[in-house]
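**Q** Sharing a structure here in structure tokens format.
The values are calculated or read from the model by the stated rules, or taken from the named source; none is laboratory data. Treat the numbers as computed from the prediction; the structure is a model and nothing was measured. When we count neighbours, we look across all protein chains shown, and the Cβ atoms used for this are built from the backbone with ideal geometry, even at glycine.
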Amino acid sequence: MNPHKLAFTRVLPASELPPNAKKPLSIEGKAILLCNVNGQLHAISNVCSHNDKPLERGRLGNGWIACPTHGARFDLATGNALCLPATKPIATYEVRVVEDWIEVLV
Ligand code: FES
């Protein structure tokens, strides 16, 4: 078993991701987007499942993000595609705050 699979990675001071902010990061070679929606943190893939475009400039709503390229929406908690043109989900990752640092399990 790979022990790194069970390790959270400390990525960002929590103060640098205020409510309704987004932050693109590369963690272990994966393009991740951190989102803070009204204090609720989410870590999702920064790559749209429709045409592989980045999601980081997308609009955040109550529990979803809209791809800025063609408008597909994704559930931030599950990664499920909520409308066309995307039909496949995006990856989501566990995220937590420890000692005022945001940590992601990738
Ligand atoms: S690339 Fe995201 S909806 Fe098309």
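**Q** Got a number for residues in region 28-40 being closer than 20 Å to A7 by Cβ and within 14 Å of the ligand (Cβ to nearest atom)?
**A** Total satisfying the criteria: 1.
**Q** Something else about it: Looking only at region 85-97, filter to residues that are hydrophobic (A, V, I, L, M, F, W, C) and under 10 Å from C48 (Cα atoms); which one of those is surrounded by the fewest Cβ atoms within 10 Å (Cβ to Cβ)? Reasoning before the result, please.
**A** Pass one, region 85-97, residues hydrophobic (A, V, I, L, M, F, W, C): 86, 90-91, 95, 97.
Within this subset, residues satisfying the condition of being under 10 Å from C48 (Cα atoms) are 86, 90-91.
Details: A86: 20, I90: 24, A91: 15.
Of everything passing the filter in region 85-97, A91 is surrounded by the fewest Cβ atoms within 10 Å (Cβ to Cβ).
**Q** If you don't mind, another one. In this structure, does V97 turn out to be more than 16 Å from the ligand (Cβ to nearest atom) and not aromatic (F, W, Y)? Can you show your working first?
**A** On the way: more than 16 Å from the ligand (Cβ to nearest atom): yes; not aromatic (F, W, Y): yes.
Here the answer is yes, as V97 does meet what is asked.
**Q** Could you pull out the residue among G39, G79 that is on the phi > 0 side of the Ramachandran plot and modelled with pLDDT under 95?
**A** Sole residue among the options that is on the phi > 0 side of the Ramachandran plot and modelled with pLDDT under 95: G39.
**Q** What tally of residues in region 69-88 results from selecting those that are of a type in the set (S, T, N, Q) and within 11 Å of the ligand (Cβ to nearest atom)?
**A** Looking only at that region, the number is 2.
**Q** Going by the structure shown, is L84 closer than 24 Å to L6 by Cβ and either free of Cβ contacts under 8 Å to residues at least 40 places away in the same chain or of a type in the set (A, V, I, L, M, F, W, C) (or both)?
**A** Working: closer than 24 Å to L6 by Cβ: no; either free of Cβ contacts under 8 Å to residues at least 40 places away in the same chain or of a type in the set (A, V, I, L, M, F, W, C) (or both): yes.
It is false that L84 is closer than 24 Å to L6 by Cβ and either free of Cβ contacts under 8 Å to residues at least 40 places away in the same chain or of a type in the set (A, V, I, L, M, F, W, C) (or both).
**Q** I'd like the residue in region 41-68 that is touching a residue at least 24 places away in the same chain (Cβ under 8 Å) and hydrophobic (A, V, I, L, M, F, W, C) and, out of all such residues, is nearest to the ligand (Cβ to nearest atom).
**A** Checking each candidate, the answer is C48.
**Q** Using beta carbons and a limit of 6 Å, which pairs, at least six apart or on different chains, have the first residue in region 22-37 and over 15 Å from V97 (Cβ atoms) and the second one small (G, A, S)?
**A** I32/A43
**Q** Can you pull out every residue in region 85-103 that is assigned to a loop (DSSP other than H, G, I, E, B) and not β-branched (V, I, T)?
**A** If we filter region 85-103 for residues that are assigned to a loop (DSSP other than H, G, I, E, B), which is where we start, we get 85-91, 99-100.
Those that are assigned to a loop (DSSP other than H, G, I, E, B) and not β-branched (V, I, T): P85, A86, K88, P89, A91, E99, D100.
**Q** If you scan region 47-73, which residues turn out to be of a type in the set (S, T, N, Q) and in contact with a Ser or Thr (Cβ under 9 Å, 6 or more places away or on another chain)?
**A** Of everything in region 47-73, those that are of a type in the set (S, T, N, Q) and in contact with a Ser or Thr (Cβ under 9 Å, 6 or more places away or on another chain) turn out to be S49, N51.
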